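**Q** My structure is below; once you've seen it, I'll send some questions.
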Amino acid sequence: MSGIPPPLRSLSENSINQCLLEEIPMYWEANDAITFLANLGMYNPSLYHILDNSEKEQEKKFKTDYFKKRFTISRSLLKHILHPILATENPSVILLSKEKKGRVIISGRPEICISLSYSGPYIAITVGKQKIGSDIEVMRPIKANKILSSQIFINYLHPDDRDYLHRITHVWTLVESYAKLYNENPYSLLNSNFPFNYANFVSYCINDHLILSLASGNKQFTEVLVWLDIYDIGEASYFTETI
């Protein structure tokens, strides 16, 4: 494995890093990328009305409430986030689609890049002025043989170490974010000499049980990690639904 993993930045959810919708343009002007954290507890039926007809049809294809809610929240929150950036009439007019590799894109705005990541009830929505790969993971034991036998992880397999889960989860988020950045299958990287020096990484340990990593092809990029205000989103969704 070439290069050294980036240090984990410690971050806790609090009022200081909570973001209101009206504050998004300020963050967007000051940074190359913003990552918004959300969770399934933010689900509100009014969010469904932000989806366009094709998205509503796609939502119906999911077999469980978990995936239905996850899709609805991520798409509708993304539109709420983009609304002040794009200065659209309202969030529901923003058209989103997917590339062949699965990356969500904005119709007519290729200069704005999006990366979505999910783990358990958590959702990370990254919006950038350049292509970014992101991955969020809940820290938990990893049993996949493909991962545990990989040369990438061999220096981190010390189960008696109290930081074991931090290290394993951290490295996996680096692999995943790198794979998303370059549209590769993460498992195809496991037998390679993982090139940390081919991307610029930032990593966070959030509330001591989540790891988030971002990967950029540029040598330097400015970014910020914030939480969306659930009440702010709820009020905005209700307003959009009723106008």
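Read-outs: derived from the displayed coordinates by stated rules, not from any lab. No experiment lies behind these values; they were computed from the predicted model shown. Using ideal geometry, Cβ is built from the backbone for each residue, glycine included, and neighbour counts are taken over all protein chains shown.
**Q** Ranked from highest to lowest mean number of other Cβ atoms within 10 Å per residue, what is the order of the peptides 99-107, 83-91, 211-219?
**A** So the peptides 99-107, 83-91, 211-219, ranked by packing, come out 211-219, 83-91, 99-107.
**Q** What does the charge count near residue 123 come to, summing +1 for each Lys or Arg and -1 for each Asp or Glu among other residues with Cβ under 13 Å from its Cβ?
**A** +1
**Q** Continuing with the same structure: Can you give the FRET efficiency to the nearest 0.05 for residue 66 and residue 220, using r as the Cβ-Cβ distance and R₀ = 45 Å?
**A** With a Förster radius of 45 Å, E is 0.75.
**Q** Using θ = phi - 60° and the Karplus relation 6.51 cos²θ - 1.76 cosθ + 1.60, list the HN-Hα couplings for the stretch 42-57 in order, rounded to whole Hz, with x at every Gly or Pro.
**A** 7, 4, 9, x, 5, 5, 4, 6, 7, 5, 7, 4, 5, 5, 5, 5
**Q** A follow-up question, please. Among 25-34, 7-16, 125-134, how do they line up from the highest to the lowest mean number of other beta-carbon atoms within 10 Å?
**A** 125-134, 25-34, 7-16
**Q** Kindly write out, for the stretch 98-110 in residue order, the coupling ³J(HN,Hα) from the Karplus curve 6.51 cos²θ - 1.76 cosθ + 1.60 (θ = phi - 60°), rounded to whole Hz, with x marking Gly and Pro.
**A** 10, 6, 4, 7, x, 6, 6, 10, 9, 4, x, 10, x
**Q** List, in the order given, every pair from 69/219; 129/219; 60/101 whose Cα-Cα distance in the structure shown is over 26 Å.
**A** Checking Cα-Cα distances, 69/219 exceed 26 Å.
**Q** Hey, another quick one. Relative to 2.2 N^0.38 Å, what does the C-alpha radius of gyration of the stretch 4-96 come to as a ratio? Two decimals please.
**A** Cα Rg divided by the expected 2.2 N^0.38 Å: 1.25.
**Q** A further question follows. Calculate, in whole percent, how much of the Cα-Cα pair population of the stretch 8-242 lies beyond 32 Å.
**A** 19
**Q** Multiply the residue gap between residue 105 and residue 52 by 0.36 nm, knock off their C-alpha separation, and tell me the result in nm, one decimal place.
**A** 17.6 nm
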